[in-house]
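The values are calculated or read from the model by the stated rules, or taken from the named source; none is laboratory data. A quick note: this is a predicted structure, and the numbers were derived from the prediction, not measured. Glycine also receives a Cβ, built like all others from the backbone with ideal geometry; neighbour counts cover every protein chain displayed.
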Amino acid sequence: MQKILAHASKLILVVLTTVSLFSCSKEEDLSNLDDTLFVRHKNADMPAYIMGNATEKVFLITLHGGPGDLGLGFRGTAFSEIERHYAVVYFDQRGSGMSQGSYSENELSLDIMAEDVLALVTVMKRKYGYDSRFFLLGHSWGGTLGTATLLKDQSDFKGWIEIDGANSPARLYDQYIETFTTTANTQIALGNSVDFWESVLDFVSEIDPVSNKDGFLELNNKAFDLEKRLEEDGFLNSPEEGDNIIYNYNILTAIWNSGQIAYILVDEQCIFQTTDFSGRLSEITIPSLFISGEYDMIVPKISAEIAFENIGSDIKELIIYERSGHAPLASEPQRFAEDVLRFMDRNK
Amino acid sequence: MTIKQQLLPTLFLLFYFNPGHGQNKLKTERASNEISTSFLDRTEFKVAYSGSIFWNNGLNLGAEYLWKEYNITRNRKRGRRTNTHQFLLNGNLGFTTNFNTQTDTGLYTNFGLTWRRTNKKGRQFSIELNPLGYYRSFLPETYEVDGDRVNKVFLPGRGYYAPSLSVGIGKERKGKIRSGSYFNVNFTLRTPYNAGALPVFNLQYGFRFNFKKKK
C-alpha cells in the first residue's frame with residue numbers, strides 16, 4: 001500500500017512538474033517573438049499568437065477568412081518571410097479556432113467582431129507599448145471584417161492590406177454570375193475542358209438572377225470547383241501547403257466552432273446578403289494595398305478593382321497575381337511577401 | 001366438438017406463451033450479492049490517461065463506491081452463464097492540456113453513476129453517466145477590454161457546466177490491489193460555450209485500485 005502511494009505521488013509530481021514547465025512564460029525576445037495572449041471582450045476570450053520580429057514594434061494584425069477559419073492558417077513561406085522583418089499577430093476571431101466564451105447569438109455580429117479587433121489593438125498597445133505601430137491585413141471574409149473595423153476606427157493603423165477581400169459581400173452574387181460566365185466563355189474559346197465549362201454555363205443559367213442565400217451558397221461552392229479546374233488546366237499555381245498547424249489547434253473543437261459561427265453569421269444572419277460597404281469605402285483614408293488573384297473565383301478580382309477605385313486613400317495600390325486564385329499568399333508566396341514588406345516599409 | 005376439445009388449443013397457447021412457464025422460468029435468475037460494509041472494501045480508486053492523443057492530454061483521478069451488486073444467471077445452449085452487475089457511485093477529478101499551445105488547458109470534475117457488467121472471465125463492460133460536471137479552463141496572459149479600459153485578468157479562464165458520458169471495456173483482477181484496467185470513450189458537453197455548446201471526445205485508459213485487497 002505504502003509502495004503504491006509512493007509511486008502514485010511520484011507520478012503526480014512528475015506530471016505537475018512537466019505541466020508547470022510547459023506553462024512557464026517564455027523570456028521575451030523582441031527579435032523573435034513567440035507569444036500567446038488572450039483578449040477578453042464582450043464575453044469572448046480570443047487568442048492572439050504574436051510571432052516574428054518586433055524590434056521596430058511594427059505589428060501586422062491578420063484577419064482570417066471563413067467566417068470560422070484559423071488564425072494560424074496564414075503561416076507558411078510568405079509569412080515566415082514577413083515574420084523575419086516584422087511581428088505578425090495571428091488572431092482567432094470570436095467563435096473561431098480556440099476562441100471561447102459564453103455569449104448569446106446577438107453578441108455574434110460583424111459590428112462586435114470589428115470591436116474585438118479594436119480591442120486587440122488596445123491590448124497590444126498595453127502589452128508592447130503605446131509607441132507600437134499596426135498594419136491590418138484581411139483575407140477573404142477577413143476583408144469584410146477589416147473594412148468594418150476601419151470604418152469604425154482607422155486611427156491606430158498605418159495601412160490596410162486586403163487579400164482577395166470580400167469588402168462588399170452583398171455584391172458577390174452578381175460578381176459570381178458575371179465571372180463564371182466570362183471565365184467559362186474564355187476557356188471554351190481556348191478549347192480547355194469544354195464539357196466542364198459548358199456545364200458551368202448551364203449551372204449559371206439555372207441560378208436565380210435575384211440574390212438569395214441558397215443561390216449564394218451554391219455559387220460559392222461552385223467557385224471552388226472552378227478554381228480547382230483552372231489549377232488542373234495549368235492556369236494557376238498549386239497553393240503550397242501551409243505550416244503544419246494541426247497540433248496548435250484541437251481540430252475537433254476548431255471544426256465545431258467553424259460550423260457554429262458560419263451557421264449563425266451566414267445562414268441565420270445572412271451576412272453575405274446584407275453587408276455592402278461599397279458606398280462607404282471613401283471613408284477609409286489610410287494607405288491601402290489590394291491584392292487579388294487573376295483567377296480568384298471565390299471573391300472575384302472585380303471586388304478588389306471596385307475597392308481600389310472607391311477607397312479614400314491617397315496612397316493606394318492594386319496588384320493582380322496572374323498565377324493565383326483565391327490564395328495568392330500560398331500560390332505565389334515569395335512575390336506576396338515582397339509586396340507586403342515593400343508596402344509596410346514605405347508606410348510604417 | 002366438446003367444450004374440452006374447444007378449450008385445449010387455447011390452454012396450449014396460454015401455456016406456450018406464458019413467460020413464467022417451464023424451461024423459460026429457469027432462463028434468467030437474478031440474485032442480490034452480499035456487499036461488505038467496509039468503506040474501503042467497496043471503494044476503488046482509479047487513475048487514467050485521459051485525452052485525445054493528438055491535442056489534449058491529461059490525467060484523470062477518481063473513485064468508485066459500490067452501491068448495489070447482483071448476479072444474473074442465464075441458461076444458454078452451452079450451459080449456465082453468470083454475470084455480475086454493479087451500480088457504482090462515481091467521482092472524477094482531471095486535468096487536461098495541449099502541451100503544444102497554451103490555449104486548451106483545464107481542470108474538471110464530475111460525479112454520477114456507473115453501471116458495470118463483469119463476466120466470469122473478468123471482462124467488463126461499463127456505462128458511466130456523470131450529470132454533475134464542471135470544467136474550468138485556464139488561459140495564458142489575458143487582458144480584458146471594456147471601452148477604453150484594459151486590465152490584466154487574474155487567473156484567467158472560464159467555468160462551464162460539463163456533464164459527461166463514458167462507455168468502455170475493462171478487465172477485472174480479483175483479489176489484487178490493482179483490481180482492474182479499463183478503456184473508455186468519453187463524451188463531454190461544455191455549455192454554454194461560445195454561442196452554443198461544445199462537444200468534446202476523449203479516450204481514457206487507466207487502472208483501478210482497491211487498497212483493501214491483499215496482493
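In segment B:166-190, the residues that are among the basic types (Lys, Arg) reach residues that are not in a strand (DSSP E or B) with C-beta atoms within less than 6 angstrom, at least six apart or across chains, in these pairs: B:Lys171/B:Gly122; B:Lys176/B:Lys213; B:Lys176/B:Lys215; B:Arg190/B:Ala162. Of the candidates B:Asn71, B:Asn57, the single residue that is free of Cβ contacts under 8 Å to residues at least 60 places away in the same chain, within 14 Å of another protein chain (Cβ to nearest Cβ) and polar (S, T, N, Q) is B:Asn57.
Each row is one residue, and each column tells you yes or no for (1) farther than 17 Å from A:Val266 by Cβ; (2) in contact with a Cys (Cβ under 9 Å, 6 or more places away or on another chain); (3) among the charged types (D, E, K, R); (4) without any contact (Cβ under 8 Å) to a residue 60 or more places away in the chain.
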{"position": "A:Asp156", "(1), (2), (3), (4)": "yes, no, yes, yes"}
{"position": "A:Trp160", "(1), (2), (3), (4)": "yes, no, no, no"}
{"position": "A:Pro169", "(1), (2), (3), (4)": "no, no, no, no"}
{"position": "A:Tyr173", "(1), (2), (3), (4)": "no, no, no, no"}
{"position": "A:Asn185", "(1), (2), (3), (4)": "yes, no, no, yes"}
{"position": "A:Ser199", "(1), (2), (3), (4)": "yes, no, no, yes"}
{"position": "A:Val210", "(1), (2), (3), (4)": "yes, no, no, yes"}
{"position": "A:Lys213", "(1), (2), (3), (4)": "no, yes, yes, no"}
{"position": "A:Leu217", "(1), (2), (3), (4)": "no, no, no, yes"}
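Of everything listed in (1) in contact with a strand residue (DSSP E or B) (Cβ under 9 Å, 6 or more places away or on another chain); (2) outside any helix (DSSP H, G or I); (3) surrounded by fewer than 19 Cβ atoms within 10 Å (Cβ to Cβ), the single unmet condition for A:Leu252 is (2). Count of segment B:195-215 residues, restricted to those that are within 14 Å of chain A (Cβ to nearest Cβ) and out of contact with any Leu (no Cβ under 8 Å at 6 or more places or on another chain), is 10. If you go through segment B:130-177 and pick out every residue that is part of a strand (DSSP E or B) and of a type in the set (A, V, I, L, M), you end up with 6. On the stretch given as segment A:226-243, residues that are surrounded by 14 or more Cβ atoms within 10 Å (Cβ to Cβ) and either in contact with a helix residue (DSSP H, G or I) (Cβ under 7 Å, 6 or more places away or on another chain) or assigned to a helix (DSSP H, G or I) (or both) total 10. Can you find, within segment A:254-284, the residue that is farthest from the other protein chains (Cβ to nearest Cβ) among those that are over 24 Å from A:Gln154 (Cα atoms) and without any contact (Cβ under 8 Å) to a residue 24 or more places away in the chain? The residue in question is A:Ile255.
So for segment A:152-165 (the condition being modelled with pLDDT of 95 or more and more than 29 Å from the chain's Cα centre (by Cα)), does at least one residue qualify? Scanning segment A:152-165 turns up no residue that is modelled with pLDDT of 95 or more and more than 29 Å from the chain's Cα centre (by Cα).
Tell me, yes or no, whether segment B:95-108 has at least one residue that is of a type in the set (Ser, Thr, Tyr), away from chain A (no Cβ under 14 Å) and farther than 30 Å from A:Tyr49 by Cβ.
Within segment B:95-108 (the criterion being of a type in the set (Ser, Thr, Tyr), away from chain A (no Cβ under 14 Å) and farther than 30 Å from A:Tyr49 by Cβ), the answer is no, since none of the residues qualifies.
Considering segment A:148-189, the residues that are polar (S, T, N, Q) and within 20 Å of A:Met124 (Cβ to Cβ) include one that is surrounded by the most Cβ atoms within 10 Å (Cβ to Cβ), namely A:Thr149. For B:Leu132, the test of being surrounded by fewer than 20 Cβ atoms within 10 Å (Cβ to Cβ) and within 14 Å of chain A (Cβ to nearest Cβ) is failed. B:Phe138 fulfils the conditions (1) under 22 Å from A:Thr36 (Cα atoms); (2) of a type in the set (Phe, Trp, Tyr); (3) out of contact with any Pro (no Cβ under 9 Å at 6 or more places or on another chain) except for a single criterion, (3). Applying the selection to segment B:174-190, what residues are at pLDDT below 95 and within 14 Å of chain A (Cβ to nearest Cβ)? Matches in segment B:174-190: B:Lys176, B:Ile177, B:Arg178, B:Ser179.
Yes/no matrix, rows are residues, columns are (1) more than 11 Å from every other protein chain (Cβ to nearest Cβ); (2) under 17 Å from A:Asp164 (Cβ atoms); (3) over 18 Å from the mean Cα position of the chain (by Cα):
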position	(1), (2), (3)
A:Lys228	yes, yes, yes
A:Gly242	yes, yes, no
A:Leu252	no, no, yes
A:Tyr295	yes, yes, yes
A:Ile298	yes, yes, no
A:Ile302	yes, yes, yes
A:Glu305	yes, yes, yes
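If only one of A:Asp345, A:Asp339 is surrounded by fewer than 16 Cβ atoms within 10 Å (Cβ to Cβ), farther than 15 Å from A:Ser140 by Cβ and acidic (Asp, Glu), which one is it? None of the others qualify; the one that does is A:Asp345.
Looking for whichever is surrounded by 23 or more Cβ atoms within 10 Å (Cβ to Cβ) and within 14 Å of another protein chain (Cβ to nearest Cβ) here; the options are A:Ala44, A:Ala87, A:Ala78. Which one fits?
Of the residues listed, the single one that is surrounded by 23 or more Cβ atoms within 10 Å (Cβ to Cβ) and within 14 Å of another protein chain (Cβ to nearest Cβ) is A:Ala44.
Can B:Tyr135 be described as within 15 Å of A:Asp45 (Cβ to Cβ), under 22 Å from the mean Cα position of the chain (by Cα) and among the aromatic types (Phe, Trp, Tyr)? Judged against the criteria, B:Tyr135 is a match.
Residues that are within 14 Å of chain B (Cβ to nearest Cβ), touching a His at 6+ places or on another chain (Cβ under 6 Å) and either in contact (Cβ under 8 Å) with a residue 12 or more places away in the chain or of a type in the set (D, E, K, R) (or both): does segment A:133-149 have at least one? No, the conditions are met nowhere in segment A:133-149.
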